[in-house]
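Inspection log for the structure reproduced underneath, given as structure tokens.
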Amino acid sequence: MHSEDAVAERPWGALFEGDRADGAIYRDPALFDAEMDRIFKNTWVWVAHDSELPGPNTFKTGHVGTSPVLITRDKKGQVHVLLNRCRHRAASVCEKKKGKQSVFVCPYHGWSYDPDGSLRKVPHRWGYDENFDPADYPLFSLRVEQYAGMIFATFNADAPPLEEHLGAARKWMDLFMKQGGGFGVKVLGQHSFRFPGNWKIQLENTTDAYHFPIVHKTFLDSLDEETENVFDVLGQGGWVEDLGNGHSVMVMIPSLIDLEADLEAPIPDRFADLAAELAAEGHDDLTVRRLVRAVGGTGFNLNLFPNVACSMAFFRVLRPVDVATTEITHVAIGMDGGESVGPANRARIRLHEHFQGPMGFGTPDDAEGWERVQRGVRAGEGMPILVNRGVSAPEGTAEPGHEAGDVSSEVGMRAAYRMWKRMMDE
Amino acid sequence: MSAVTLDRPAVTLADLTAFIWAEADLLDRLAYKDWLKLWSTDGLYIVPVERGVADHANAVNVLYDDAEMREMRVKRLLSGFSMSSAPPARTVRTVSRFVETARNETSVDLRAAQVIVEYKYERHRLLAADVDYRIELSAEGLKLARKVVTLINCDDPLHGIGYLL
Ligand code: FES
Ligand SMILES: [Fe+2]
């Protein structure tokens, strides 16, 4: 056990300066505890997509930092994020991953809670004196706000409003959600896996185009020529842009920034069958074009500090477990248009499985690379982790005033570490 | 095997388990090209992420491979360019607890238990699974028509797996 004072005294922020970090950022358990406190208990942490709570009295479980939480929608439709910890003697009140129920009964002594967290009933009430008021013991409730269907929570009553925290990232979230093809975005399922490494190794990776042609060579080799050209992520004039507050965007395929643009372009050969299937479902020509264009997702990764990314066609969520263990969830998303968009959603699921997940053509190689970082950093005390890569972004790409670099630059990592430093110094 | 047909009692549980053990042996030895030949052309190899799902085609799976995907996957695993499979974790697997669940003129369904121990970077990991097989009789003998590997922890976090289950 560390002492709180010892944690407070260490000048953690000094471990990142300019464009390099000390290797201790991946391996110091005391630093991990300080991060959970100063970052994950302090800022907005993604917990769910709106479609994962599809109606009154639905819920899912998750984590904010290392704290298990219950994410609920009450009967009026309002979303709550509650610590999954009974107010009596701390038993977890729910161990299901998701579901629908109008009451949560603690299995130990039967205290029951409403989906908004209020304590509804205490068995054998007579054993408490008349001063005991159940209204004093609701489940601990976090602040909750959402933008573009993404639900965030924070322990910090003084955190700025979510929209202010997201700032320039909001434009990119709006663009990302266009892959709903006009029907809105819906979660279709997910993969999750752990790797033996620090959470910031994954945070860095979401804006790392540099590794793509090397680590993902076997994925690229498995594509038809047309698709392989689409995934030439370093060769299409992309860029990385600091969006403030630790957020950044990496644009790999500039032609796929706005999925509602260029709808008149010819449908690529590889999507001809899908287009025919969608037309057979009764969609008009424009809708078919919109769905087909949206089917492969966007051409960018939006990294939202500290725990979620809108990554081309899915959400990538990280959960720090301990200093050298991180859990990743790849949330597959599709179009919320029911059976008539079934062919498009099935195509999206197969594309997702192709790259993502524990046996995808991409993920296991990423996970191996990240583990190798954690193994390597045991050596070389005092040698820096370099995030100094990058030349200028192509003319006319990033918004004026934003720091930006070429698509292979480490601008996004520097943006995240500057926010990390700011929060660790506070 | 040439004269064997399924409606005769000639295909015994011993024949079927020998076939499955031979498959397991190919997988542990990374003889993936020979493994591809065990499959019928329209066979499906599925590793789900949830237990009890019937409609795998409309669900996210760990993998959902038809013949084309199986071939691409084998090419990737043997290419030498995939960091997680060059080399992969070593594996030793056993398949047992066979139960025949259905039989008709052309195929037999079996349920079995599979335990894989994998080893890499001084770490052992255990992967237990229920496996459902559909084994078809073709002109060339027994063929895998369907293999669904449901890991005991499929709905919880897994890890990068650089070999075949
Ligand atoms: S711990 Fe929940 S009712 Fe006692
Ligand atoms: Fe990657």
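Things to note:
- Here the peptides A:210-218, A:229-237, A:328-336 are ranked by packing, the mean other Cβ count within 10 Å, and the order with the highest first is A:328-336, A:210-218, A:229-237.
- Sorting B:Y45, B:Y119, A:Y26 from the fewest to the most surrounding beta carbons within 10 angstrom yields B:Y119, B:Y45, A:Y26.
- Rounded if a/c under 1.5, otherwise prolate or oblate - segment A:45-147, Cα gyration tensor axes: prolate
- Nearest-ten-degree value, helix B:13-28 long axis tilted from longest Cα axis of chain B: 20
- Karplus-derived HN-Hα couplings along segment A:380-391 (A = 6.51, B = -1.76, C = 1.60, θ = phi - 60°), whole Hz, x at Gly and Pro: x, 3, x, 7, x, 8, 8, 10, 9, 6, x, 10
- Residue order, fewest to most beta carbons within 10 Å, for A:D37, A:D174: A:D174, A:D37
- Placing a pseudo-label 7 Å from each Cα along the Cα-to-Cβ vector at B:R90 and A:R20 gives an inter-label distance of 4.0 nm.
- Taking label points 7 Å from Cα along the Cα-to-Cβ direction, A:E339 and B:K37 give a separation of 4.5 nm.
- Relative contact order for chain A, counting Cα pairs under 8 Å that sit 6 or more residues apart, in percent: 21
- Counting only Cβ charges, +1 for Lys and Arg and -1 for Asp and Glu, the dipole size of chain B around its Cα centre is about 540 debye.
- Electrostatic bookkeeping for B:R29 treats Lys and Arg as +1 and Asp and Glu as -1; over the other residues with beta carbon under 13 Å from its beta carbon, the sum is -1.
- From the largest down, segment A:168-425 spans 63, 40, 32 angstrom on the principal axes of its Cα atoms.
- Per-residue average of Cβ from other chains inside 10 Å of A:187-193: 5
- Near the amide H of A:A332, within less than 5 Å, lie the amide hydrogens of A:L188, A:G189, A:Q190, A:H191, all on another chain or at least 5 residues away, with H placed in the peptide plane.
- Multiplying the residue separation of A:S92 and A:H109 by 0.36 nm and subtracting their alpha-carbon distance yields 4.9 nm.
- Shielding score for A:214-225, defined as the mean number of other chain Cβ atoms within 10 Å: 4
- Alpha-carbon centroid distance for the pair segment A:286-312 / segment A:49-96, whole angstrom: 27
- Remark: segment A:403-420, residue by residue, has Karplus-estimated 3J(HN,Hα) of 5, 8, x, 4, 4, 8, 6, 9, 4, x, 5, 5, 4, 5, 6, 5, 5, 4 Hz, where x stands for each Gly or Pro and the curve is 6.51 cos²θ - 1.76 cosθ + 1.60 at θ = phi - 60°.
- Range of Cα positions in chain B per principal axis (Å), largest first: 49, 32, 28
- Euclidean distance of C-alpha centroids, segment B:81-108 and segment A:97-117, integer Å: 40
- Signed unit charges on C-beta, dipole axis of chain B, positive-most listed residue B:I135, B:C154, B:V99: B:C154
- Taking each residue as 0.36 nm, the span from A:E426 to A:E395 lengthens on full extension beyond its C-alpha to C-alpha distance by 7.6 nm.
- Cα→Cβ-extended label distance, 7 Å offset, between A:E164 and B:E140, nm: 6.8
- Cysteines in the protein assembly as shown that lack a partner Cβ within the 4.7 Å cut-off: A:C94, A:C310, B:C154.
- Two-decimal ratio, the protein assembly as shown, of alpha-carbon radius of gyration to 2.2 N^0.38 Å: 1.03
- For segment A:120-165 versus segment A:330-366, the gap between their alpha-carbon centres in whole angstrom: 35
- Amide N proximity, segment A:321-365 versus A:E228 label position 7 Å along Cα-to-Cβ, cut-off under 16 Å: none
- Restricting segment A:358-404 to GluC sites (Glu not before Pro) that sit in a DSSP loop and have at most 14 other Cβ atoms within 10 Å of their own Cβ leaves A:E381, A:E395.
Rule-based calculations on the coordinates, nothing more; no lab input. A quick note: this is a predicted structure, and the numbers were derived from the prediction, not measured. Counting neighbours? That spans all protein chains shown, and the Cβs are built from the backbone with ideal geometry, glycine included.
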